[in-house]
4 protein chains.
Amino acid sequence: MMLKGFLYPRTTRGRSSLLPAPPWHYSGEMLTIEYRTDPAKVAALLPEGLNPADEDPGAVALIWADWQSCSDTFEELVDPVRSQYKEAFVVVRCKWRDETWSRCLYIWVDKDFALVRGQHQGYPKKLGEMWMTRPVIVGRAGPRLEDGGRLGATLSAGGRRLAEAVVTLGKEVSTPGFVNGHPMLHNRWVPAIESDGRDALRELVTMAGYDAEVRDVWRGEADLAFFESPTEELSDLRPEEIIGGYFHRVGVSWRAGTTLERT
Amino acid sequence: MMLKGFLYPRTTRGRSSLLPAPPWHYSGEMLTIEYRTDPAKVAALLPEGLNPADEDPGAVALIWADWQSCSDTFEELVDPVRSQYKEAFVVVRCKWRDETWSRCLYIWVDKDFALVRGQHQGYPKKLGEMWMTRPVIVGRAGPRLEDGGRLGATLSAGGRRLAEAVVTLGKEVSTPGFVNGHPMLHNRWVPAIESDGRDALRELVTMAGYDAEVRDVWRGEADLAFFESPTEELSDLRPEEIIGGYFHRVGVSWRAGTTLERT
Amino acid sequence: MMLKGFLYPRTTRGRSSLLPAPPWHYSGEMLTIEYRTDPAKVAALLPEGLNPADEDPGAVALIWADWQSCSDTFEELVDPVRSQYKEAFVVVRCKWRDETWSRCLYIWVDKDFALVRGQHQGYPKKLGEMWMTRPVIVGRAGPRLEDGGRLGATLSAGGRRLAEAVVTLGKEVSTPGFVNGHPMLHNRWVPAIESDGRDALRELVTMAGYDAEVRDVWRGEADLAFFESPTEELSDLRPEEIIGGYFHRVGVSWRAGTTLERT
Amino acid sequence: MMLKGFLYPRTTRGRSSLLPAPPWHYSGEMLTIEYRTDPAKVAALLPEGLNPADEDPGAVALIWADWQSCSDTFEELVDPVRSQYKEAFVVVRCKWRDETWSRCLYIWVDKDFALVRGQHQGYPKKLGEMWMTRPVIVGRAGPRLEDGGRLGATLSAGGRRLAEAVVTLGKEVSTPGFVNGHPMLHNRWVPAIESDGRDALRELVTMAGYDAEVRDVWRGEADLAFFESPTEELSDLRPEEIIGGYFHRVGVSWRAGTTLERT
């Protein structure tokens, strides 16, 4: 039979696919902590062929995001178990073919559709548990977007706290940091089922969203702590110097990326 | 020893208490569907001594809420696993001593601190899984607060879908319905450990919040569906006529209630 | 109306009660680590009127349990989301009126029906995430009940790891420790809704199960580690000396307890 | 850098890989319901090139499994959040190149490491919530492996119940059904990041475990019900005739599969 479905399981009608076909639309809030770590620690996580960024090679962004997302049918928006999810991810910059790229080193997410969507885009997604303070406009149980407003964020996986951060807002600015601002440069690696060390798929890909809309960008001070886990190496990237913390709202859509190399 | 702690476990320092002492502050978003069911179905769920409301005795509000809450230390706000939770609850009105009261018949929540806080206030809280669309101001993945904006909400427990609703916004109004607008009239029942049918505690209590602040109240059309479960009777309250759907933001604080009767 | 239901919400038919009426039946596996802590740390957690045990007053049992439980209808057993749950709890001994009792200081559980059942029995239950190795009889992915078999257990709450333990089995024995072997002495405290420091219910209760059946009791070596959390004081009870680790299977039923004192 | 890790994220030390390298060892309990559906419904879910099995082409197995699994370091066994998981899956048979194969059409699992391990093996894994009665040897809260013992199993995803089953044991037998007994024939499909309808990887693979050890195989009667979901097509495979229900324990190891075709 001709089976339908962007992802598995593919079926006659295609309704079962774990991921609807693109485009995908996103609206959310992000909390970003930018900091510097030992540049050698970043370099050690770049695969062969990728090099450290020329400028500020130890710069890292740890980003929490609280999203709604949907397909072009928009049906997920009124069944929000299918549209809401949270994630936390680590972005660095690197150089490839004389250009500067952003690259996601680690990422945790709390829904399966978001995990496999990340795989499609080259994000190395695991499951985790993320929490992030939401700014409010009524009542006492949350910060306002104003000088002194404090937002916290935490990341856990496997019942272990991996990271926590607090951002104390200062003033409104125009851009939420610089580390996550380049086109993404990701690998898509699929090990051969022979499990012999070969990859059945080895791609270097890039991508960017479109129709990005940014609002309410605030910059402030940030505190950040990492904790140990037997299945993570996140704490190797410990901060030597905090650059700053950012809150912003963002809307963006995503349709496709580009394969740069297959090896 | 003199042990400290508003709730159990009480300890030397009191830090372990599952619930910090009041006051508690709340900021959140609510989605309310008001409808009429068979008044006999509401009357059947009122304990002896309580009577149906004189007006509109079959009116019911099914309410979803997406909260941040905190104690007077506000420390929970930057560790949001301790402040964020969602709930869904069913409110009706009743008459007692010639006054009209609101009363919560069923309620589900997704955190333990919120469950026991509900017990303190007389809310019959169970655990459930709630989802509720959030309005957005950027991007395509969410409704705006405007005519035609659609918000969905779902309730599940034990891996079974219990209810789902969609509200299509119409226009801004001044109040989000009338069913949940009176002081609450709740029972606090604690069965005797002898498990012999007696209650060790039987109270009729009332309470209300203070410093309520309401914003962005929208009224619209609503659809609502209930589903069966072997451990629930929610579907007995099925809608005969939808009154309306409401979105609003609310901030409120809570300090104490009043014991009306002990029997 | 005459409402029915052992616990809330009470309704016409009584099906909604979060907890079915007793008796309750339990079948499960337990992993126990017995150790000695500073006796002053145990004494500090006993309320006025209770005193340290005469013998071995610093003895503590940290117990993980992986349960199936059901009511006398047994219907929960074929809808196992309603019968399976895990818990971890800390038991010490104390003296009251010249007798020795067991007392649960802290306990975490992962289902709501088990949380409120604990409240009924005086256990100070919070929600947590527990994992415990299961012994197996086929394959390589688990220990056998034999000399050298290793079982691990972990406890987390709020995305923070609170405790972890490993027991290495030695030999079969007749009893799984001594700390949790006395009738339980618990407080049931319900704060007044006036939130003024008074309790509306203050009881000292005792209870024990019946028809206990114990199988496959093994004793061995144990390692135990506690971790910090802003909402817990568990790590105050850190081990100074490990007594031993135990695995056993147990079946038991529970019908009722006895109120010893109301104040 | 030379990065290490069987799966992503690949790092200097390789500890972060979401999946440890094979071999993987499994020990668990399985509940299988075999039944016949309309053969056209099975045929409709086979991709081009695969044909219905010659015999009993409408035969389906719906299988729940409650696993411990680990890598060759066995370290996951004492940190059981990394070894325990549950799954439910639908297996049919098909014909390819004149041989009969088993094929998994749908599968849900509750841990990320198990989800991506399934992807490696060609299983179309989504996240779900599974529960399955465990037989016991003490107490009243569970069936014995004996005539009349009843075991239930449920499957939910996205807060919706998808399937439930009850097996009433009859007698001990030698094999737990026939549908899942052939080498697996799976597709590994990875859509191109260009999102243009092409797949970057299209493989037909096969695999089988080794060192299988089976114990306690019981056969009995079975009831099975499917429920609707907007994101599933499971209920298309509704039973026309129940063949039987099975419980068994199984241990097995897995190292590698074979790529049969790349297109």
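The values are calculated or read from the model by the stated rules, or taken from the named source; none is laboratory data. Note that this is a predicted model, so its numbers are computed, not measured. Neighbour counts are summed over all protein chains in view; Cβ atoms, including those assigned to glycine, are modelled from backbone coordinates with ideal geometry. Quick note on the areas: whole protein, heavy atoms, side chains included, nothing else; ligands and nucleic acids left out. Shrake-Rupley method; radii C 1.70, N 1.55, O 1.52, S 1.80 Å.
From the Cα gyration tensor of the protein assembly as shown, with a ≥ b ≥ c the square roots of its eigenvalues, which class applies: rounded if a/c is under 1.5, or else prolate if a/b is larger than b/c, or else oblate?
rounded
Under a GNM of chain D (C-alpha, springs under 10 Å), which listed residue has the highest mean-square fluctuation: D:A200, D:A53, D:A212?
Per the Cα network of chain D with a 10 Å cutoff, D:A200 tops the list.
Compare each residue of the range C:139-159 in its chain alone against the assembly with all protein chains, and report those whose accessible area goes down by 50 Å² or more; 1.4 Å probe, heavy atoms.
Hits at the 50 Å² cut-off: C:R140, C:A141, C:G159.
Can you tell me, using C-alpha contacts under 8 Å and at least 6 residues apart, the relative contact order of the range B:16-113 as a whole percent?
28
Counting DSSP beta bridges in the range D:84-223, what percent are antiparallel, to the nearest 5?
Once the DSSP bridges in the range D:84-223 are tallied, antiparallel ones form about 90 percent.
When the Cα centres of the range A:1-76 and the range D:191-263 are compared, how far apart do they sit, in Å?
28
Please compute, for peptide A:246-253, the average count of beta-carbon atoms on other protein chains lying within 10 Å of each residue's beta-carbon.
Mean number of neighbouring Cβ atoms from other chains: 3.
Quick one: work out the % antiparallel among DSSP beta bridges in the range D:73-159, nearest 5.
80
Under a 1.4 Å probe, what is the accessible area of the range C:1-157 per residue, stated in Å²?
Spelled out: the 1.4 Å probe surface of the range C:1-157, per residue, equals 30 Å².
Got a number for carbon plus sulfur as a percent of the protein assembly as shown's accessible area, 1.4 Å probe?
Here it works out to 48 percent.
Heads up, I need the accessible area for D:Y26: 1.4 angstrom probe, whole protein in place, Å², nearest 10.
We get 20 Å² for D:Y26.
Mean separation of Cα pairs under 8 Å and 6+ residues apart, divided by the residue count of the range B:49-185: what relative contact order is that in percent?
20
Only helical DSSP H runs with n ≥ 4 go in: add -39500 (n - 2.57) per run for chain B, normalise by residue count and round the 222 nm mean residue ellipticity to 500 deg cm²/dmol.
Helix contribution divided over all residues of chain B: -1500 deg cm²/dmol.
Of chain B, which part is the longest with no GluC sites (Glu not before Pro) in a loop (DSSP not H, G, I, E, B) and with at most 14 other C-beta atoms within 10 angstrom?
Here the longest run is B:56-145.
Counting only other chains, what is the mean number of Cβ atoms within 10 angstrom of the Cβ of each residue in peptide A:71-79?
6
At 1.4 Å probe size, with no ligands or nucleic acids counted, give the accessible surface of A:D98 in Å², nearest ten.
140
If you look for lysine pairs in chain C that are eight or more places apart or on different chains, how many of them have Cα atoms under 27 Å apart?
The number of close lysine pairs in chain C is 15.
Only bridges with both residues in the protein assembly as shown count here: give the DSSP antiparallel percent, nearest 5.
95
Rounded, prolate or oblate, given the Cα gyration tensor of the range B:63-116, with a/c below 1.5 counting as rounded?
Here the range B:63-116 falls in the prolate category.
Rounded, prolate or oblate: which fits chain D when a ≥ b ≥ c are the square roots of the eigenvalues of the alpha-carbon gyration tensor, with rounded for a/c under 1.5 and prolate only if a/b beats b/c?
It comes out oblate by the Cα gyration axes.
If you take the beta carbon distance between B:D199 and D:A40 as r and set R0 to 41 Å, what does 1/(1 + (r/R0)^6) give as a FRET efficiency, to the nearest 0.05?
0.10
Over chain C, what relative contact order in percent results from Cα pairs under 8 Å that are six or more residues apart?
Relative contact order, chain C: 21 percent.
Over both sides of the C-B contact, add up the buried accessible area with a 1.4 Å probe and give it to the nearest 100 Å².
Summed over both sides, the interface buries about 5700 Å².
With all protein chains present, calculate the accessible area of C:M2 using a 1.4 Å probe and round the result to the nearest 10 Å².
140
If you count, for every residue in B:229-241, the Cβ atoms of partner chains within 10 Å of its Cβ, what is the mean?
3
Hey, can you find the accessible area per residue of the range C:198-240 for me, probe 1.4 Å, expressed in square angstrom?
Counting only protein heavy atoms, the per-residue value for the range C:198-240 is 48 Å².
Can you tell which of C:H120, C:H186, C:H248 shows the greatest fluctuation in a Gaussian network model of chain C with Cα springs below 10 Å?
In this elastic network of chain C, the residue with the biggest mean-square fluctuation among C:H120, C:H186, C:H248 is C:H120.
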